[in-house]
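The next block holds one structure in the form of structure tokens; read it before the comments.
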Amino acid sequence: MATMTTQDGINLFYKDWGAKAAQPIVFHHGWPLSSDDWDSQMLFFHSRGYRVVAFDRRGHGRSEQTDTGNDMDTYAADVAALARELDLKNAIHVGHSTGGGEVIRYVARSEPGRVAKAVLMGAVPPIMLATPQYPEGLPMEVFDGFRQALSHNRAQFFLDVPSGPFYGFNREDAKVSEGLIQNWWRQGMMGSAKAHFDCIAAFSETDFTNDLKTVSLPVLLMHGEDDQVVPVDASAHKAIELLPNGILKIYPGLSHGMFATHPDLINADLLAFFQS
């Protein structure tokens with residue numbers, strides 16, 4: 001397996017496909033998943049001549065199951081280390097959910113020449129938790145419920161999430177994919193319970209307001225209108241107001257996991273943005 005060592009000595013697993021001289025696309029996965037969640041996108045963009053890179057966040061997937069550094073500042077520092085390790089320049093960073101927060105925190109601090117564009121898909125910025133500045137967010141009780149469910153029976157919790165709100169399979173007219181559900185469970189159970197527990201605070205309580213204001217590069221916001229995990233009114237509709245150079249694209253009826261349920265649609269829109 002391809003691995004690299006972070007600034008604090010943690011081993012991260014990554015995939016790096018394609019010609020090293022081609023423009024890189026870096027995919028950042030959501031909680032509590034792994035780089036495998038981007039299989040459809042990795043295959044699609046590799047076949048179109050891009051260099052595609054994806055990695056397992058610390059404590060997730062095949063990366064080291066550390067009990068430290070499970071916060072957004074460290075996640076962003078890990079991405080910076082990966083960019084230096086692979087000498088990624090003029091890269092496009094695509095982040096889903098928690099990965100979207102990771103992307104905007106990294107891009108706001110990235111070295112000149114490393115990043116060309118960014119995509120935040122079903123992403124958590126500006127902040128998931130309800131605050132005086134963002135009262136539309138979710139109450140702390142929601143995230144405390146996540147922590148309780150994870151601590152009590154992580155295996156069942158990791159079946160319930162994809163079987164229901166993540167892919168919108170709890171909707172009356174949903175076309176349920178057992179494969180997606182089982183693959184979500186597989187990815188989740190590969191990771192560290194401690195890292196997953198800590199990451200709940202990272203994805204829900206981190207305020208990305210200043211990061212969004214700082215990034216002047218083109219940023220595409222893609223969000224499902226029926227996202228039951230990261231409600232669009234508290235996320236993308238707020239984030240677009242803060243981005244100096246943002247584009248907002250809302251998908252009627254689509255869920256949090258829309259890039260997995262509708263890869264042809266999402267891949268085509270990503271390609272159009274990359275080539276614009």
Inverting the mean 1/r over all pairs of different Cα atoms, compute the Kirkwood radius of the range 192-258 and quote it in Å. 13.2
Across the range 262-269, in residue order, what do the Karplus-derived ³J(HN,Hα) couplings come to in whole Hz, using 6.51 cos²θ - 1.76 cosθ + 1.60 with θ = phi - 60° and x for Gly and Pro? 9, x, 5, 5, 5, 4, 5, 6
Using all C-alpha to C-alpha distances in the chain, build P(r) with 5 Å bins and read off the rounded percent in each one. 1, 6, 14, 19, 21, 19, 13, 6, 1, 0
Test of understanding: in a Gaussian network model of the chain with alpha carbons linked when under 10 Å, which of 42, 128, 140 would top the mean-square fluctuation ranking? 140
Let's see if you can work this out: charge +1 on each Lys and Arg Cβ, -1 on each Asp and Glu Cβ, no other charges. What is the dipole magnitude of the range 1-57 about its Cα centre, in debye to the nearest 20? 280
Rounded to the nearest 0.05, what FRET efficiency do residue 210 and residue 247 give with R0 = 25 Å and r taken as the Cβ-Cβ distance? Could you check? 0.75
Among the listed pairs 117/194; 20/175; 175/249; 175/213, which have their C-alpha atoms separated by more than 30 angstrom in this model? 117/194; 20/175; 175/213
How large is the dipole of the chain about the Cα centre if only Lys and Arg carry +1 and Asp and Glu carry -1, each at its Cβ, rounded to the nearest 20 debye? 820
Could you give each residue of the range 55-60 its phi-based ³J(HN,Hα) in whole Hz, using Karplus coefficients 6.51, -1.76, 1.60 with θ = phi - 60°, and x for Gly or Pro? 9, 8, 4, 3, x, 10
Modelling each spin label as a point 7 Å along the Cα-to-Cβ direction, I'd like the residue 136/residue 268 distance in nm, to one decimal. 2.8
Taking springs between alpha-carbon atoms closer than 10 angstrom, which of 36, 87, 173 fluctuates most in the Gaussian network model of the chain? 173
Given the chain, longest segment not containing exposed loop trypsin sites (Lys or Arg not before Pro) (DSSP; at most 15 other Cβ within 10 Å): 176-276
Per the rule of 0.36 nm per residue minus the C-alpha distance, extending residue 174 to residue 148 adds in nm 6.6 nm
Report, by chain and number, residues whose modeled amide H sits under 5 Å from the one on residue 28, excluding near sequence neighbours (fewer than 5 apart, same chain). 94, 95, 96
Dipole magnitude (debye, nearest 20) for the range 32-144, charges at Cβ of Lys, Arg, Asp, Glu: 680
Taking every DSSP beta bridge with both residues inside the chain, roughly what % is antiparallel (nearest 5)? 20
Taking Cα centroids, how far is the range 73-116 from the range 203-276 in Å? 17
Across all directions of projection, what mean area in square nanometres is found for the Cα convex hull of the range 46-98? 4.6
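Residue 21 to residue 186: FRET efficiency via 1/(1 + (r/R0)^6), r the Cβ-Cβ distance, R0 35 Å, to the nearest 0.05?
0.55
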Under Karplus coefficients 6.51, -1.76 and 1.60, residue-wise ³J(HN,Hα) of the range 94-99 in Hz, glycine/proline x: 10, x, 9, 6, 4, x
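Every read-out reported here was derived from the displayed coordinates using simple, explicitly stated rules and does not represent laboratory data. Note that the coordinates shown come from a computational prediction; the quantities given were computed from them, not determined experimentally. Heads up, the Cβs are rebuilt from the backbone with ideal geometry, glycines too, and the neighbour counts pull from every protein chain shown.
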